[in-house]
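The values are calculated or read from the model by the stated rules, or taken from the named source; none is laboratory data. The structure presented is a predicted model; accordingly, all values stated were derived computationally and were not measured. Every residue, glycine as well, gets a Cβ built from its backbone with ideal geometry; the counts of neighbours run over all protein chains shown.
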Amino acid sequence: MLEYSEPVAKLIDEFKRLPGIGQKSAQRLAFHILRRPDKDVENFVAALREVKEKIVFCEICNNLTDVNPCMFCSSATRERTQICVVEEPYNLVAIEKTRSYSGLYHILHGSLSPIRGVGPDELMLANLLPRLLPENNEDVEVTEVIIATNPTTEGEATANYIARLLKPLGVKTTRIAMGMPVGSDLEFVDEVTMDKAMANRHEI
């Protein structure tokens, strides 16, 4: 097996710590960095340092931001009667791309997973319920909480847990529809997706 010099081996090991990066991808990234001009590498290092120094959690919704509260929570044009709960900040970005939702967000930074040791206390849930009070929402009553966790076992468990928390409060709680993705073929759809598609069918 090819042995790399210690600095290269360390860099490969650090890249392997990133999610979705295996040995070969880590090697490609490490050698890509080695081939880049010094200035490019300095910019890369500076960007990493800056994001660690300047990015914080929004005190209201837990979004990653360089201003606190974040631009969504501080916006005067967002619909304050709705809060959409998502697992990760990049889920928020996906919803924003549709330009069909103008409410607020709440980011959990994960999902319930007993196997991985992730329980309710490990999620950023504690500040969700207080947000439903008008005095904590610029005197606006929240009328709907949209649960947009992923359609996975962990995402479903998280959605059900949040729904149980909200039920005694009487606030309308909805779950995003799931089923057949647009442009897909029935032949290649798994049974869980097909089951969701049948359950969420609507009249035309």
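List of remarks:
- Residues of the range 50-69 that are over 15 Å from the mean Cα position of the chain (by Cα), surrounded by 13 or more Cβ atoms within 10 Å (Cβ to Cβ) and either of a type in the set (S, T, N, Q) or over 15 Å from Leu108 (Cα atoms) (or both): Asn68, Pro69.
- Filter result (surrounded by 13 or more Cβ atoms within 10 Å (Cβ to Cβ) and part of a loop (DSSP other than H, G, I, E, B)) within the range 122-139: Leu123, Met124, Leu125, Asn127, Leu132, Asn137
- Residue in the range 45-64 that is without any contact (Cβ under 8 Å) to a residue 40 or more places away in the chain and among the polar types (S, T, N, Q) present: no
- Members of the range 149-191 that are in contact (Cβ under 8 Å) with a residue 24 or more places away in the chain and more than 22 Å from Met124 (Cα to Cα): Met178
- Apart from one condition, Glu156 fits all of (1) within 20 Å of the chain's Cα centre (by Cα); (2) modelled with pLDDT under 95; (3) surrounded by fewer than 16 Cβ atoms within 10 Å (Cβ to Cβ); (4) part of a helix (DSSP H, G or I); the exception is (3).
- Subset of the range 104-121 [touching a Phe, Trp or Tyr at 6+ places or on another chain (Cβ under 9 Å) and buried (at least 16 other Cβ atoms within 10 Å of the Cβ)]: Leu104, Tyr105, Ile107, His109, Leu112
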